[in-house]
Amino acid sequence: MVSLRYIPAANWVISATTTFTDDRVVPYIERITKKDPHSGQLVTSGPVSIRDSNWLMGLTVSRQPHFAQQKPNELVVWTYGLFSDLPGNYVQKKIADCSGIEICEEFLYHVGVPEDQIEDIARSANTIPAHMPYITSYFMPRQAGDRPLVVPAGSTNLAFIGNFAETKRDTVFTTEFSVRTAMEAVYQLLDVDRGVPEVFDSSFDIRPILSSVYYLNDEKSLLELPLTPPEKIVVQRLLKHVKGTYLEEILKDQKLI
Ligand SMILES: Cc1cc2nc3c(=O)[nH]c(=O)nc-3n(C[C@H](O)[C@H](O)[C@H](O)COP(=O)(O)OP(=O)(O)OC[C@H]3O[C@@H](n4cnc5c(N)ncnc54)[C@H](O)[C@@H]3O)c2cc1C
């Protein structure tokens with residue numbers, strides 16, 4: 001088994017939340033995401049990697065307001081760096097040695113804010129970094145026996161819950177994993193006659209994947225997507241090809257045509 005004490009130098013250890021209090025950053029986010037961050041819709045639909053960032057920085061702008069108490073002028077952005085062993089492209093430091101303002105500066109640089117405005121915008125925002133030295137430990141390779149079963153064999157009053165307990169088929173790094181293991185523990189130990197909700201078996205089922213394509217693109221059908229003319233031709237050909245088949249039925253069911 002790999003020791004939990006071992007943290008590779010190039011690893012994800014820093015995550016940060018920035019609250020911008022004015023809209024100077026908005027045009028730069030809009031340019032990348034093609035979305036108005038204040039529209040109330042998902043903006044980045046998950047993390048976006050900045051591939052030429054030394055830190056392999058990522059950003060996520062979720063549906064705003066992100067927090068119930070967030071004010072209308074505030075914009076909450078989540079950032080992180082996956083390589084913590086290299087200096088940034090703008091801030092000449094490793095991400096783990098940076099203050100919140102510096103992490104925000106690196107983000108502003110990568111989204112294209114002119115350098116003479118970076119410091120001022122970063123200082124007007126509130127960036128809170130979080131150091132998570134063991135965050136990727138959820139993903140460590142494991143085999144049967146490394147992690148305890150939710151209810152160990154023979155246990156009548158002790159259970160393990162959360163992402164480090166072992167349960168069938170579930171995927172770690174999810175709140176669902178923690179909730180499901182807690183349900184499993186309570187129902188089993190207290191003999192509650194209720195089933196734990198099934199793990200959503202999406203990875204090998206094309207239907208939820210196509211449905212995600214529809215919802216992540218703001219409920220647009222394939223031909224409503226902002227495609228280039230050659231891409232549109234490919235989609236039209238594909239649709240012609242699947243006409244009358246089960247695939248056409250599935251695409252219709254998932255509202256893609
Ligand atoms: C940056 C990041 C992004 C994530 N994104 C997602 C996502 O998009 N979707 C998703 O589903 N999941 C996501 N996750 C994973 C998800 O947040 C966790 O799996 C989930 O919160 C775990 O919940 P938990 O209640 O089991 O444990 P935790 O939320 O870790 O709660 C454990 C609690 O126990 C406390 N504690 C620890 N030791 C002691 C002690 N000795 N005494 C008393 N208290 C103690 C801790 O302070 C903590 O409050 C993300 C995690 C991170 C870090």
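Values for this structure:
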| item | result |
| --- | --- |
| Among the residues listed as 220, 255, 232, 240, the single one being closer than 29 Å to residue 33 by Cβ, outside any loop (DSSP other than H, G, I, E, B) and not polar (S, T, N, Q) | 232 |
| Filtered residues of segment 31-47 (kept if within 23 Å of residue 119 (Cα to Cα) and crowded, with 18+ Cβ neighbours inside 10 Å) | 37 |
| Filter result for the condition that a residue is β-branched (Val, Ile, Thr) and modelled with pLDDT of 95 or more, over 156, 175, 136, 171 | 156 |
| Qualifying residue in segment 151-162 (condition: in contact with a Pro (Cβ under 7 Å, 6 or more places away or on another chain), within 13 Å of the ligand (Cβ to nearest atom), of a type in the set (Gly, Ala, Ser) and under 21 Å from residue 188 (Cα atoms)) | no |
| Condition broken by residue 9, with the remaining ones in (1) under 27 Å from residue 217 (Cβ atoms); (2) surrounded by fewer than 17 Cβ atoms within 10 Å (Cβ to Cβ) satisfied | (1) |
| Where residue 12 falls short, out of the listed (1) modelled with pLDDT under 95; (2) outside any loop (DSSP other than H, G, I, E, B); (3) within 16 Å of the ligand (Cβ to nearest atom) | (2) |
| Tabulated pairs, segment 7-19, first within 8 Å of residue 82 (Cα to Cα), second of a type in the set (Ser, Thr, Tyr) and surrounded by fewer than 17 Cβ atoms within 10 Å (Cβ to Cβ), C-beta under 8 angstrom, 6+ apart or interchain | 11/136; 12/136 |
| Hey, residue 114 within 29 Å of residue 28 (Cβ to Cβ) and free of Cβ contacts under 8 Å to residues at least 40 places away in the same chain or not | yes |
| Any hit, segment 211-224, residues being farther than 30 Å from residue 137 by Cβ, exposed (fewer than 10 other Cβ atoms within 10 Å of the Cβ) and away from the ligand (no atom under 14 Å from the Cβ) | no |
| Candidate set: segment 68-82, residues that are over 19 Å from residue 124 (Cα atoms) and within 16 Å of the ligand (Cβ to nearest atom); chosen: the one surrounded by the most Cβ atoms within 10 Å (Cβ to Cβ) | 81 |
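The values are calculated or read from the model by the stated rules, or taken from the named source; none is laboratory data. None of the values given here were measured: they were computed from a predicted structure. Every residue, glycine among them, receives a Cβ derived from its backbone with ideal geometry; neighbour counts consider all protein chains shown.
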